[in-house]
Amino acid sequence: MIYNLPFLTVVALIAIGMYAIIFKRNLIKIAVGITILESGVNLFLITLGYREGGVAPIFTNLPPGISPDQIPEKMVLPVPQALTLTSIVIGVAVLALILSFTINIYRKYGTLDAGKIRRLKE
Amino acid sequence: MNVMEHLPALIIAIPLLAAFLTPLVDKISKKVRNAVVFIALAATFILTIFLVQDVFENGIMIYVMGASNPTQTIPMQAAVPIRIVLEIDGLSAFMALISVLIALIGLIYSFSHVEERGGKFYTLFLLMLVGMLGMELTGDLFNLFVFLEIASIASAALITYEFKRGSTTEAALKYIVISSIAALFVLFAIGLLYGEYDLLNMAAIAKAIKITGLSNIDMIALILFFAAFAMKAGAAPMHMWMPDAYGEAPGAVSMVLIAVTQASLYALLRMCFTIYADSLHVVIPAAIIIFGLISIFIGVTMALIQDDIKRLIAYAAVAEVGYILLAIGVGLYGVLNNEVELYARKALQGGIFHIFNDILDIGLLFLVAGGIIYITKERNLNKLGGLAHSMKYTSILFLIGLAAVAGLPPMNGFASKIMIYESVYKVSPILSIVAILASIIMLAIFVKIFHSVFTGPKISEQKDVPKLMLASMIILAALIIFFGLFPDIIINNVVNPAVNALIENAAYISNVMG
Amino acid sequence: MKNEEMNEGKMTVIVQTIAALLFPLALIFSFYVIMHGHLTPGGGFQGGAIGASAVVLLIVAYGVKHVEEKMSEGGFSVFESLGGLIFVVVAIFGLFLATSFLANFLVNEPIFGKIPGWGESPLNSGGILPILNIAVGMKVIGGLSAVVLILALISREGEEK
């Protein structure tokens, strides 16, 4: 049961993120919702690679007592960690873009409410 | 050194190199920057033509990145491909050819307002092209996700390029929020497939699904992929971002944005026809057909009531995507029921030919609208009028685009639409009737625009559009008329190999897995 | 005097002195993380983010106008483009000098030539990996610093109106 806890967290994070994006009207809250959704998916990718009793997959830093032919069973999977790192970088870029757009919208329309923006003139 | 065998990597690397070189060259001189960008795009276009020729003669082309032998996918000690594999079959080559052609024409169009475009415009333009090409040439799932994100971030920044008007930023915000959610769904589905099969290569996963059948996790991954790529491609209930994004983008960017959405449609085709192939449930083609019908209906009816000229053409683009989805849904239904030669092959031919025609036709209309906005600085249909007196060439080009979109005979729109009508009729006559009615309404809409914008008394004295804009529009019009008069050239040489690649996925798998 | 300085976005003298002392240390740490990317956890993006946060420390302590005069946004932009250019050029060298795109052509050469092994490994191992890490690190430092600088400039203009 304890090994299912990260997956339950993933479901909770994705649900909170989708709730924030769909039901909240403030643009900053929508941006935070996207970040929470992305955190949930990243957590899912890392949790996929976990192997019970494994150590960190650092090539040059073997802990004492493990010989090189015991490697595949004793290390967690390194590929999902590379996928997660790429996804975090992309998330930073998207967040920077969304915040720049929000600043520009605030300067032109004077409000941050997503429902009022279309009806206002600039 | 054999350039032919390194073609796929060069096609992605040359625009990327030019994209990073442009901000440095921009500080030196603007003319040199324009020359660098144009030479890079022209070189990519020539290399893509060589690639298309090579694929159509020699079959599927494989390129392994970072390996000692570019065609050896499975290394010595392993049983599955380890490195990133670029795999190019008929459909990939076709989509790559369209993307580079449209980018080249858009670049020629953008050069005409050269004094208003800064250096960052061309960097973003080239990065958008790299994202599109990467999505179309790759054979690895995570690579697809990364290039999808590159294309959406670059195009969102380009949509809001004229940020003095607030409505462009609002359109770009909607676009990036929806793109970001779709990309996160794709990443989740890739994680699910990786957790089950421990593989990221498309051909390897296709073989594993063929061997072990469709499990519950595969079905969840399929639904996530389908929802995400349908959101990005503008299928009907999720099309809300399309009118805003196409309508507010500057000049030629609207046209290249259509190519970006077609790249997402290509990814959907890859999922349904190649990776999941025969294990699909019959609900999937039914859903595609329903999305197509709703898109046609919504696109055409909302286009009737628009005031802004670019938004109206954007709704017509939504309807055209509906036609493509309808044809593809019918084709998938036929392939799953093994009734290929009866109607599925013709439906797929019509659908893929229509991808090509849709970009050309709607692209020409967007370029004409951009030219009108550039000269008269006015976007509202109620305030434009009598432009045919001063802009003679532009009005003739608009007539050609109008006839092509509505499906009138000498243009290429007629050739693809009649293939769609004939094949869709065999599944159910109602689909065909709705499609024909929508074409008629679209003809009515565009005749209304032509009448109100171009004919009538002259309101003010305007000159015609700049020469470079005219040149790009004339190239498009020439292609439209040429492929309308001789559709067999392109169907036999370019569309048929793409359709064959879709119907049979055995060649795709065996080229990678041996 | 203090009110004017607070309105310009600067902080007090103590904070400014400590920030000036910490900035080179943070940069050295970020270069360490970038250079050891093939041996320890880290690499291009992680080290670059540390370097960008060093620049952000300076912006918070000294105010954005002061930092903009010393390190302009155009300079960061050029730095970023150089990083991207080095990456693509090294990848294309793999295509022309060796077998395929992004091929590791520096193995068994005198510079960065050795192959990392289990246990201890020297720094000049790993082929083209350290060079790619440096290129990505340059791009990330330049990119993230430019983004924060421009956002700070826009907010300062918005407040002054």
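The table for this structure:
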{"read-out": "Segment B:398-430 residues near the modelled B:Phe486 label - backbone nitrogen below 19 Å, point 7 Å along Cα→Cβ", "value": "B:410-416"}
{"read-out": "Cα-centred dipole magnitude for segment C:2-160, charges only on beta-carbon of K, R (+1) and D, E (-1), debye, nearest 20", "value": "440"}
{"read-out": "Under the Karplus curve 6.51 cos²θ - 1.76 cosθ + 1.60, θ = phi - 60°, whole-Hz ³J(HN,Hα) for segment B:152-162, x wherever Gly or Pro sits", "value": "6, 5, 5, 6, 5, 5, 6, 4, 9, 5, 8"}
{"read-out": "Percent RCO, i.e. relative contact order, over chain B, from Cα pairs under 8 Å lying at least 6 residues apart", "value": "16"}
{"read-out": "Distance between modelled label sites at B:Ile294 and A:Phe7, nm, 7 Å Cα→Cβ extension", "value": "3.1"}
{"read-out": "Charge dipole magnitude, Cβ of K and R +1, D and E -1 - the protein assembly as shown, Cα centre, debye nearest 20", "value": "1900"}
{"read-out": "Residue list for segment C:124-161, given a label point 7 angstrom along the Cα-to-Cβ vector of C:Ala20 and an amide N cut-off under 18 Å", "value": "none"}
{"read-out": "Extension gain, B:Lys392 back to B:Gln77 (0.36 nm per residue minus Cα-Cα distance, nm)", "value": "106.6 nm"}
{"read-out": "Global form of the protein assembly as shown, assessed from the alpha-carbon gyration tensor, a/c cut-off 1.5", "value": "oblate"}
{"read-out": "Test item: B:66-72 mean partner chain Cβ contacts at 10 Å", "value": "4"}
{"read-out": "In sequence order, calculated HN-Hα J values of segment B:266-281 (Karplus, 6.51, -1.76, 1.60; Hz; x Gly/Pro)", "value": "4, 5, 4, 4, 4, 4, 6, 8, 9, 7, 8, 4, 7, 8, 5, 7"}
{"read-out": "Anchor B:Lys27: lysines whose Cα lies under 21 Å away (excluding residues fewer than 8 positions away in-chain)", "value": "B:Lys120, C:Lys70, C:Lys139"}
{"read-out": "Proximal aspartates and glutamates to B:Lys346, defined as alpha-carbon separation beneath 12 angstrom and excluding residues fewer than eight positions away on the same chain", "value": "B:Glu422"}
{"read-out": "Sites C:Glu68 and B:Asp278, calculated FRET efficiency, Cβ-Cβ separation with R0 51 Å, nearest 0.05", "value": "0.25"}
{"read-out": "Förster radius 22 Å - calculated FRET efficiency between B:Glu341 and B:Leu214, Cβ distance, rounded to 0.05", "value": "0.25"}
{"read-out": "Charge dipole magnitude, Cβ of K and R +1, D and E -1 - chain B, Cα centre, debye nearest 20", "value": "1360"}
{"read-out": "Cα→Cβ-extended label distance, 7 Å offset, between C:Ile111 and A:Ile16, nm", "value": "4.9"}
{"read-out": "Label-zone membership for segment B:71-93, site B:Asn500, 7 angstrom Cα→C-beta point, backbone N under 20 Å", "value": "B:87-93"}
{"read-out": "Highest to lowest packing among B:476-486, B:228-238, A:18-28, scored as the average C-beta count within 10 Å", "value": "B:228-238, B:476-486, A:18-28"}
{"read-out": "Sequence-distant aspartates and glutamates (8 or more away, or on other chains) whose Cα lies within less than 13 Å of A:Lys29", "value": "A:Asp113"}
{"read-out": "Positive dipole terminus of chain B, leading residue within B:Ala369, B:Ala403, B:Ile294 (C-beta point charges)", "value": "B:Ala369"}
{"read-out": "Sum of side-chain charges, B:Gly413 neighbourhood, beta-carbon under 13 Å (Lys, Arg +1; Asp, Glu -1)", "value": "-2"}
{"read-out": "For segment B:76-90, Karplus couplings with θ = phi - 60° (6.51, -1.76, 1.60), whole Hz, Gly/Pro x", "value": "4, 8, 10, 10, 10, x, 9, 7, 6, 10, 9, 10, 10, 10, x"}
{"read-out": "Helical mean residue ellipticity (222 nm; -39500 (n - 2.57) per DSSP H run of 4+; nearest 500) of chain B", "value": "-24500 deg cm²/dmol"}
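Throughout, read-outs are computed from the coordinates displayed, never taken from laboratory work. In this text, all values refer to a predicted model and were calculated from it rather than measured experimentally. With ideal geometry, Cβ positions are generated from the backbone for all residues, glycine too; neighbour counts draw on all protein chains shown.
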